[in-house]
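> Let me begin by handing over the structure; questions about it come next.
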Amino acid sequence: MKAVIQRVSEASVVVDGETVGSIGVGTVVLLAVENGDCEADADWLAKKIVELRMFEDCYGKMNLSLEEIGGSILAISQFTLAGSCEKGRRPSFTGAASPDEGKRLYDYFVGQVKKLQVPVATGVFQADMKVSLVNDGPVTFILESQRGKAIAR
């Protein structure tokens, strides 16, 4: 799995002119499920994102996690993160999981975040979404699991 994590002061997602998800302070997670990914990848990513110290303490240091500040996650499925631009001019998406498997593991990831007591808003899987956010900092990280081996790191 690949995830782009952005610290935000607010974010929302619109589908067909209707806001389907929004958060205040927290993170936007753009998530791609790749061939070979499994629940262990989602478990590792959920825990890592919730515990990642990417919010500033009273001294201006990145010392606080999402759970410590009481923040939320806006989780957006984004299969294009699994794309490869190595050959030619058109990206290849052969590395992305099938839509059924992608949805299953995306939903599983969202469930794991909820189990960690963090509020989660979502977009609509496979929909044309308009995501708006105010990137705070800006602070952005890219995380990748290693197909079930990430937990052992």
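Taken together, the values in this text are just the output of simple stated rules run on the coordinates, not laboratory data. Predicted, not measured: the structure shown is a model, and the values here were computed from it. Quick reminder, even Gly has a Cβ in these numbers, built from the backbone with ideal geometry, and neighbours come from all protein chains shown.
> With charges set only on the Cβ (+1 for Lys and Arg, -1 for Asp and Glu), what does the dipole of the chain come to about its Cα centre, in debye to the nearest 20?
On the way: 17 positive and 20 negative charges, 87 e Å.
Its charge dipole is roughly 420 debye.
> While we're on this one: On a 0 to 90 degree scale, rounded to 10, what angle separates helix 39-51 from the longest Cα axis of the chain?
20 degrees
> In Å and on Cα atoms, what radius of gyration and Dmax does the chain show?
Rg, Dmax (Cα atoms, Å): 15.2, 48.
> Would you grab the residues whose amide H sits under 5 Å from the one on Leu52? Only those 5+ places off in sequence or on another chain, please, with H modelled 1.01 Å from N.
Sorted by chain and number, the residues that satisfy this are Leu66.
> Once the piece of chain linking Glu39 and Ser65 is laid out straight, how much longer is it, given 0.36 nm per residue of separation minus the C-alpha distance between them?
Details: separation 26, 0.36 × 26 = 9.36 nm, distance 2.28 nm.
This chain segment gains 7.1 nm when fully extended.
> Given the C-alpha atoms of the range 1-45, compute the convex hull and give its volume per residue in Å³. Don't skip to the end; give the middle numbers.
On the way: hull volume 4.1 nm³, N = 45.
Cα-based convex hull of the range 1-45, divided per residue, equals 91 Å³.
> Using a Förster radius of 30 Å, what is the FRET efficiency between Leu116 and Glu86 based on their Cβ-Cβ separation? Nearest 0.05, please.
On the way: r = 35 Å, r/R0 = 1.17.
Between Leu116 and Glu86 the formula returns 0.30.
> Would you work out which of Gly21, Ser65, Gly95 lies farthest towards the positive end of the dipole of the chain, given +1 charges on the beta-carbon of Lys and Arg and -1 on that of Asp and Glu, about the Cα centre?
Value computed over the given set: Gly95.
> With a Förster radius of 22 Å, plug the Cβ-Cβ distance of Asp16 and Glu101 into 1/(1 + (r/R0)^6) and report the FRET value to the nearest 0.05. Provide the component values of the computation, followed by the final result.
Numbers: r = 25 Å, r/R0 = 1.15.
The pair Asp16/Glu101 has a calculated efficiency of 0.30.
> Here's a follow-up. What do you get for the angle between helix 99-115 and the principal long axis of the chain? Use alpha-carbon atoms, 0 to 90 degrees, nearest ten.
Once rounded, one gets 20 degrees.
> Around Ser77, under 10 Å between beta carbons, what's the net of Lys plus Arg minus Asp minus Glu among the other residues? Walk me through the intermediate numbers first.
On the way: positive: Lys103; negative: Asp107.
Summing Lys/Arg as +1 and Asp/Glu as -1 gives 0.
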